[in-house]
Amino acid sequence: AQKITQTQPGMFVQEKEAVTLDCTYDTSDPSYGLFWYKQPSSGEMIFLIYQGSYDQQNATEGRYSLNFQKARKSANLVISASQLGDSAMYFCAMRALWGGTSGSRLTFGEGTQLTVNP
Amino acid sequence: EPEVTQTPSHQVTQMGQEVILRCVPISNHLYFYWYRQILGQKVEFLVSFYNNEISEKSEIFDDQFSVERPDGSNFTLKIRSTKLEDSAMYFCASSEKETQYFGPGTRLLVL
């Protein structure tokens, strides 16, 4: 079974500042992928970044980076230089990769509502 | 950039009616999924589909739900007899490898 925990229901950040959104996970799968998705108020689900459990380096995609600490089972999202358009709900998710028993389904956390203030 | 599309964007239906939600996955993707998100709640997995058959389904995906790939491009979710608690946003997703790309969703309201 897989479990994703996002302990911050809401976060606030000043424009141009960096912000970290927390995510911890639990799984019995030997290899797994961790994802972050952004959901603006319009409702769509936008893929941001992916980290494989086997990756030695932390993933980065533009202003997004994933701070992966395997021993602590955490996969925090760091957004640098926040913009007003970053205001949205952010979901952490995970899925099993090869050798797992959880299939290919994504398991989501509860989400963190980020508000960027001007 | 290729994207997943879904129709309709909104659907209002009466309890007990059948609805069909449609999705066009990204063209070279082989794995397809349906998820739902009840208002204010987290996203829940419904079903995955590969090689023209269901590969996995959740406990939510009971006999009132079915999926089909009627042709080479469309992927549909049918709810046979809708209930009030089926009101939710329904997302289709597709993947080639690890990452699943989501469509914009269909907001279903059952009255």
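The values are calculated or read from the model by the stated rules, or taken from the named source; none is laboratory data. Quick caveat, the model's predicted, so the values are computed rather than measured. Because the Cβ atoms are built from the backbone with ideal geometry, glycine has one as well, and the counts that use them run over all protein chains shown. With ligands, DNA and RNA removed, areas are computed over all heavy atoms of the protein, side chains included. Shrake-Rupley method; radii C 1.70, N 1.55, O 1.52, S 1.80 Å.
Say the cut-off is 25 Å between C-alpha atoms; which of A:3/B:83; A:3/B:57; B:42/B:83; A:38/A:70; A:3/B:97; B:42/B:97 go over it? Those over the limit are A:3/B:83.
Split the accessible area of the stretch A:1-112 by element, probe 1.4 Å, and carbon with sulfur accounts for 50%. Summarising the label geometry, the points placed 7 Å from Cα in the beta-carbon direction at residue B:54 and residue A:56 lie 4.3 nm from one another.
Once both labels are positioned 7 Å from their Cα atoms along Cα-to-Cβ, the gap between residue A:67 and residue B:99 label points is 2.3 nm. Pull out a ≥ b ≥ c, the square roots of the eigenvalues of the alpha-carbon gyration tensor of chain B, then state rounded if a/c is under 1.5, prolate if not and a/b is larger than b/c, and oblate in the remaining case. Cα axes put chain B in the prolate bin.
Over both sides of the B-A contact, add up the buried accessible area with a 1.4 Å probe and give it to the nearest 100 Å².
Interface area, both chains combined: 1700 Å², rounded to the nearest 100.
Would you please state which residues of the stretch B:1-28 a label at residue A:46 would reach in this model, taking the label point 7 Å out along Cα→Cβ and a backbone N cut-off of under 18 Å? Flagged as within label range: B:1-6.
Calculated FRET efficiency, residue B:7 to residue A:3, Cβ-Cβ distance, R0 = 30 Å: about 0.35 to the nearest 0.05. Using a probe of 1.4 angstrom and keeping all protein chains present, the accessible surface of the protein assembly as shown works out to 49 square angstrom per residue. Comparing A:67, A:76, A:58 in a Gaussian network model of chain A (Cα springs below 10 Å), the most mobile by mean-square fluctuation is A:58.
Residues of the stretch B:88-108 with accessible area at least 30 Å² lower in the all-protein-chain context than alone (1.4 Å probe)? Flagged in the stretch B:88-108: B:91, B:98, B:99, B:100, B:102. Anisotropy class assigned to chain A is prolate, per the alpha carbon gyration tensor with a/c at or over the 1.5 cut-off and a/b larger than b/c.
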